[in-house]
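The values are calculated or read from the model by the stated rules, or taken from the named source; none is laboratory data. Since we're looking at a predicted model, the values are computed, not measured. Every residue, glycine as well, gets a Cβ built from its backbone with ideal geometry; the counts of neighbours run over all protein chains shown.
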Amino acid sequence: MSFPRKRESRNDMVFNPFTVLSKKPAAPTDAAAKVEAEKIAIEEERVYRKGAATVKDLIAPSAMRIEPSCVQLGDLFLRTVFVITYPRYVSVGWFAPILNFPATMDVSMFFYPIEAGIVLKQLKNKAGILEAQIIAAAEKGAPRDPIAETALRDVESLRDDLTQGIEHFFQFALYVTLYAKSKEELDKLCQNVETLFGTKLIYTKRVFYQAEQGFNSTLPVGNDELMITFNMNSSPIASSFPFISSDLTSDNGILYGINRHNNGLILFDRFSLQNANMVVFATSGAGKSYAVKLEILRSLMLGTDVIVIDPEMEYKYLSDAVGGTYINISLASDSKINPFDLPRPTGGQVSAEDIIRGAVITVKGLCRLMFGQVSTEEDSIIDKALLETYAKKDITPTSDLSRVEPPIMQDFLEVLEGMEGAGNLIIKLRKYTEGTFAGLLNSPTNVDVKNQLVTFSVRDLEDELRPMAIYTIVNFIWNVVRSEMKKRILVIDEAWWLMMHEDSAKFIHALVKRCRKYYLGITTITQDVNDFLTSPYGQAIVTNCALQLLMKQSPASVDLVKKTFMLTEGEKMLLLESGVGEGIFFAGNRHAAVRVVASYTEDQLITTDPKQVLEIESAKKEFQEQMGK
């Protein structure tokens, strides 16, 4: 009777576990369903991405070939150069020549900090060894070893700095990967870079059977697969810092702008260089006149006299604001300048004959602008007629030039009328003495330039007369400059007018070369860069300017600017992408990216924005009406 009961009990024991097992797949939990759903989503994402293009696919080369000494990446060849040893001393910015080298390269630096306790222990042992060597040599009567003594001093100095926390210790790795289009070009490039390192007594090696590791070590992922380091403290490591910029801050001078590299101030005195000349190149609306007017305003505050040739009446408001003299030169204007004026130089013994000869040469240049093409015979007639014109007013090598009255253009015409072969010249000249242009060059000088700011406006002149008028004005200014030595700046806006003609370009070039002796700095401004730089005199003017300001350039002229000023590709792109008031400022051999800044008051005085000018005029008119009421 008991057997069946045991069987039943056995069936119960088997049945219960089976029942539990059979329920699990029948009713899955929420966690299992979630895991299954994630697996499905991941698989779907994998399938989708397998057929989709990524950024890696777009930038990756078509193929990569690893050779013992280089890596071929698509159609480029690359090789890594690593530094193995440094000299005892490196100067600040020693890495700049390598960074500025005109080649495509990637640079990686790795810093591995070392605990000061470990280094101090090693330095203590090293100092003990060196002291023992020096003492042993002294006991033997051997001559002193300067190398061991220098090493001991360096070790002790480093121990002191590490103990005081002034210095820290690192293992420093420096790798440079160079790119070229062929193996031959890559070999030459590597040799040039190694030579640059060698000039600093820094020795390098090229990777060999580690080309891939070198390439990976200079990728922007922070992996050092070469692990070739050099023990170095923080001071020399800091001198290797790659992000350096030229510092153009000095104790004297005016503020030209903000250094865009480090937000420092660009303070400079143009008269502290080998010459005080400056050239400004920019497209229309880039802010070149704004920058120059800002320099004028700040130079006036330091006591510098400024003379401006204004072709578009842009400096009128500034001149009125500071109490300057504004002279309008036009056919109908009462202000006249006589091109036959003589300079009266002081401070040296200059013969009257030399002064007369120089005046004749200057007026001959003006005559070529007036007459156009002049034959050799006509040139000789002009030369003789000019000498007789001065002699007509008793201006000879034996005269006292301080008491004479210079001739005018009418006197020159009367002399030509009495000479044979001058018929064609007389016909051309009468237009300037009796015809349409008679009011420009045929009167004695009556302008007063005894002011700190003097501006000559030629806006109301016809385009045909502008080169002659500017030539005459510049010659008049040159005579004034030579008569009294003072600290002066001459601003020639839209100078390309003078570069259009050989005689006026030659005159400006001679002026730029000689002005330093008379404490004069010439600022040449132009927006037509191609016409200016393609002139041989334009290139020479740039060479004789210690200051250069390059602002936004047009794509048509930027290549010529890059070649003339030896800019890097990055600096070229900076000029193309610069905003208003931004550019590159050159001072001697140094240069930096600049942003011209002005205070609110300065901006109100010098702005050339038509909208802003109208707002200022409207506010001024409203204020005057209120004051009248």
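So for region 243-258 (the condition being out of contact with any strand residue (DSSP E or B) (no Cβ under 9 Å at 6 or more places or on another chain), over 24 Å from Gln539 (Cα atoms), surrounded by fewer than 24 Cβ atoms within 10 Å (Cβ to Cβ) and β-branched (Val, Ile, Thr)), does at least one residue qualify?
Yes, region 243-258 contains a residue that is out of contact with any strand residue (DSSP E or B) (no Cβ under 9 Å at 6 or more places or on another chain), over 24 Å from Gln539 (Cα atoms), surrounded by fewer than 24 Cβ atoms within 10 Å (Cβ to Cβ) and β-branched (Val, Ile, Thr).
Across region 568-580, what is the total count of residues that are crowded, with 21+ Cβ neighbours inside 10 Å and outside any helix (DSSP H, G or I)?
1
Restricting region 211-259 to residues that are at pLDDT below 85 and of a type in the set (Ser, Thr, Tyr), which is nearest to Pro68 (Cα to Cα)?
Ser240
Can we say Gln72 is more than 19 Å from Phe170 (Cα to Cα), polar (S, T, N, Q) and touching a Lys or Arg at 6+ places or on another chain (Cβ under 6 Å)?
yes
Return the total of residues in region 581-619 being loosely packed, with under 11 Cβ neighbours inside 10 Å and in a helix (DSSP H, G or I).
Final tally of qualifying residues: 6.
Of the residues Ala138, Ala127, which is surrounded by fewer than 15 Cβ atoms within 10 Å (Cβ to Cβ), assigned by TED's automatic domain parsing to the domain that holds Asn233 and either over 16 Å from Ser234 (Cβ atoms) or polar (S, T, N, Q) (or both)?
Exactly one residue qualifies, and that residue is Ala138.
For the structure I just gave you, tell me whether Thr346 is modelled with pLDDT of 85 or more and either among the hydroxyl-bearing types (Ser, Thr, Tyr) or buried (at least 20 other Cβ atoms within 10 Å of the Cβ) (or both).
no
Starting from region 192-219, take each residue that is at positive phi and list its partners that are surrounded by fewer than 18 Cβ atoms within 10 Å (Cβ to Cβ), counting only C-beta distances under 8 angstrom and pairs at least six apart or across chains.
From region 192-219, the pairs are Leu201/Pro87; Tyr209/Pro68.
Tell me which residues, restricted to region 98-108, are surrounded by fewer than 16 Cβ atoms within 10 Å (Cβ to Cβ) and part of a helix (DSSP H, G or I).
Leu99, the sole residue that qualifies.
Take region 543-559 and flag every residue that is more than 20 Å from Val512 (Cβ to Cβ) and not in a loop (DSSP other than H, G, I, E, B).
Across region 543-559, the qualifying residues are Met551, Val558, Asp559.
Tell me the strands (runs of 3 or more DSSP E) entirely within region 261-373 that contain at least 3 residues that are aliphatic (A, V, I, L, M) and under 18 Å from the mean Cα position of the chain (by Cα).
Fully inside region 261-373 and qualifying: 265-268, 278-281.
Within region 380-394, can you find the residues that are over 49 Å from the mean Cα position of the chain (by Cα) and of a type in the set (A, V, I, L, M)?
Listed by number, the list holds a single entry, Ala391.
For Asp57, all conditions in the list (1) exposed (fewer than 10 other Cβ atoms within 10 Å of the Cβ); (2) closer than 23 Å to Thr195 by Cα hold save one; what is the number of the exception?
Of the numbered conditions (1) exposed (fewer than 10 other Cβ atoms within 10 Å of the Cβ); (2) closer than 23 Å to Thr195 by Cα, the odd one out for Asp57 is (2).
Closer than 30 Å to Met105 by Cβ, of a type outside the set (D, E, K, R) and in a helix (DSSP H, G or I) - does that describe any residue in region 167-187?
Among the residues of region 167-187, at least one is closer than 30 Å to Met105 by Cβ, of a type outside the set (D, E, K, R) and in a helix (DSSP H, G or I), which makes the answer yes.
Contact list please: Cβ distance under 9 Å, first residue in region 62-77 and more than 18 Å from Asp106 (Cα to Cα), second residue surrounded by fewer than 12 Cβ atoms within 10 Å (Cβ to Cβ) and aromatic (Phe, Trp, Tyr), pairs at least six apart or on different chains.
Pro68/Phe208; Pro68/Tyr209
Quick check: is even one residue across region 32-46 in the same structural domain as Glu194 (by TED's automatic domain parsing) and farther than 18 Å from Leu189 by Cα?
Looking through region 32-46, none of the residues is in the same structural domain as Glu194 (by TED's automatic domain parsing) and farther than 18 Å from Leu189 by Cα.
Does Val193 fit the bill of being touching a strand residue (DSSP E or B) at 6+ places or on another chain (Cβ under 8 Å), modelled with pLDDT of 85 or more and assigned to a helix (DSSP H, G or I)?
yes
Can you tell me how many residues in region 385-405 are among the charged types (D, E, K, R), surrounded by 15 or more Cβ atoms within 10 Å (Cβ to Cβ) and more than 18 Å from Ser443 (Cα to Cα)?
Of the residues in region 385-405, 1 are among the charged types (D, E, K, R), surrounded by 15 or more Cβ atoms within 10 Å (Cβ to Cβ) and more than 18 Å from Ser443 (Cα to Cα).
For region 417-456, how many residues are outside any loop (DSSP other than H, G, I, E, B) and either at pLDDT below 90 or of a type in the set (Asp, Glu) (or both)?
16
With the structure loaded, tell me whether Phe111 is closer than 30 Å to Leu219 by Cβ, loosely packed, with under 15 Cβ neighbours inside 10 Å and touching a residue at least 12 places away in the same chain (Cβ under 8 Å) or whether it fails that test.
Spelling it out, Phe111 is indeed closer than 30 Å to Leu219 by Cβ, loosely packed, with under 15 Cβ neighbours inside 10 Å and touching a residue at least 12 places away in the same chain (Cβ under 8 Å).
Quickly run through region 480-536 and pick out the residues that are under 22 Å from Ala359 (Cβ atoms), among the hydrophobic types (A, V, I, L, M, F, W, C) and either outside the structural domain of Gly287 (by TED's automatic domain parsing) or assigned to a strand (DSSP E or B) (or both).
Leu490, Ile492, Leu520, Ile522
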